[in-house]
Amino acid sequence: MFFYRKDVFDGLGLKAPTTWDEFAQDAAIIHKANPKQYISNFDANSPEWFAGLSEQAGGNWWSASGDTWSVNIDDAATQKVASYWQGLVDKGLVAPGPSWSTQWNTDMNKGNIVGWISGQWAPNQFPSIAPDTAGKWAAAPVPAWTAGDKTIGTWGGEVEAVTANSKHPAEAAKFVDWMNNSEEGLNLLIKNVQVFPAAQKFQSLPALKTPPPFMSTQPDYNALMAELAANVRGFDIWGPNANVTFNTYSDAFGKAVQNHTSFLDALKTVQETTVSDMKKAGFKVS
């Protein structure tokens, strides 16, 4: 999703960008109008964020055939994403700091950062990030690479697991099933955590007719979520060492932002480190 300060966009005569080209144009307009303001930030500390943008662009970081893996983290689609964001960072049109940092929280709350590319779960986070901005945000689809393309990626999700040392595993598993597979349980999750159910049969629950408290000015919020959920694209499969991939992303892209070096070189580092680690662990990699 793209969450944006509707008051700021309206004040500049802007609407939510529908393409990444429009996003870049709006970024320039916003920063020129107020040099303290940025349309968003580039998050070198959130690899899941970058992976979601790669999914939208058509990237497919891992695939498997039999017992052989293929790793394509630096494929053409992901290179396009990296190059695009490098252009915005190099031009100073997006804030370079990571999300959830003290500075980012302050900038979000003060209105210095007026947009956030986030997951559907953002309304649950806003009260602790930017409490003074309630009622000022709107949600829109993530901009498309090609006008009219409705493809979006994913960022995160929710899981409840029964641990191996649970003293009541059967009861715990029953509770998890109830909470995620019953109207009563999901209505509580919607009300208290602002989740949007992955199961299509629950995407029209009565509780979803009311938007999350932080999005109270957008009554059709959950209707938009249902529409967009039908166009999600993911990787074929997640690799066995995705944690290594993620850690390397944060390190390599963090250094690239700090040292003003190539994002494409950082992406190549992520690719090479992931493959090397998989081979070291005994996986067959083509």
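A short reminder: the numbers here are calculations on the coordinates, not readings from a lab. Not measured: the values here are computed from a predicted model. Cβ sites come from the backbone with ideal geometry, for glycine too, and all protein chains shown count toward neighbours.
A few remarks follow.
- Using the alpha-carbon positions of region 206-265, Rg (one decimal) and Dmax (whole number) come out as 18.9, 50 Å.
- In the chain, taking the dipole from charged Cβ atoms about the Cα centre, the farthest positive-side position among Gly11, Phe202, Thr261 is held by Gly11.
- Over region 169-229, relative contact order from alpha-carbon pairs under 8 Å, at least 6 apart, %: 21 percent
- Distance violations [Cα-Cα > 32 Å] among Lys15/Lys268; Lys174/Lys209; Lys201/Lys280; Lys91/Lys284: Lys15/Lys268; Lys201/Lys280; Lys91/Lys284
- Nearest-0.05 FRET efficiency for Ala76 and Asn187, computed from C-beta distance (R0 41 Å): 0.40
- GNM on the chain, alpha-carbon springs under 10 angstrom: the most fluctuating residue among Val275, Val89, Val162 is Val162.
- Distance between the modelled labels on Ser216 and Ala33, one decimal in nanometres: 2.6 nm (7 Å Cα→Cβ projection).
- Simple rule: put +1 on each Lys or Arg Cβ and -1 on each Asp or Glu Cβ in region 67-144, find the dipole, and look at Pro131, Trp104, Gly119; the Cα lying farthest toward the positive end is Pro131.
- Gained length - Ala164 relative to Val176, 0.36 nm times residue gap less alpha-carbon distance: 2.8 nm
- Taken over region 169-229, the ratio of Cα radius of gyration to 2.2 N^0.38 Å equals 1.19.
- Footprinting exposure proxy for Phe126, Phe235 (fewest neighbouring C-beta atoms within 10 Å first): Phe235, Phe126
- Simple Cβ-charge dipole of region 73-141, Lys/Arg +1 and Asp/Glu -1, about Cα centre, in debye nearest 20: 200 debye
- Among Arg233, Arg5, the order by Cβ neighbours within 10 angstrom, fewest to most, reads Arg233, Arg5.
- Quick note on region 68-168: its Rg to Rh ratio, both from C-alpha atoms and Rh being the Kirkwood radius, is 1.05.
- Among beta bridges identified by DSSP and lying wholly in the chain, the antiparallel ones come to about 65 percent.
- Only the Cβ atoms of Lys and Arg (+1) and of Asp and Glu (-1) were treated as charged; on that basis the dipole of the chain about its Cα centre amounts to roughly 320 debye.
- Counting every other Cβ atom within 10 Å of each residue's Cβ, Ile39, Ile117 order from fewest to most as Ile117, Ile39.
- Tensor-based shape of the chain (alpha-carbon gyration tensor, a/c under 1.5 rounded, otherwise prolate or oblate): oblate
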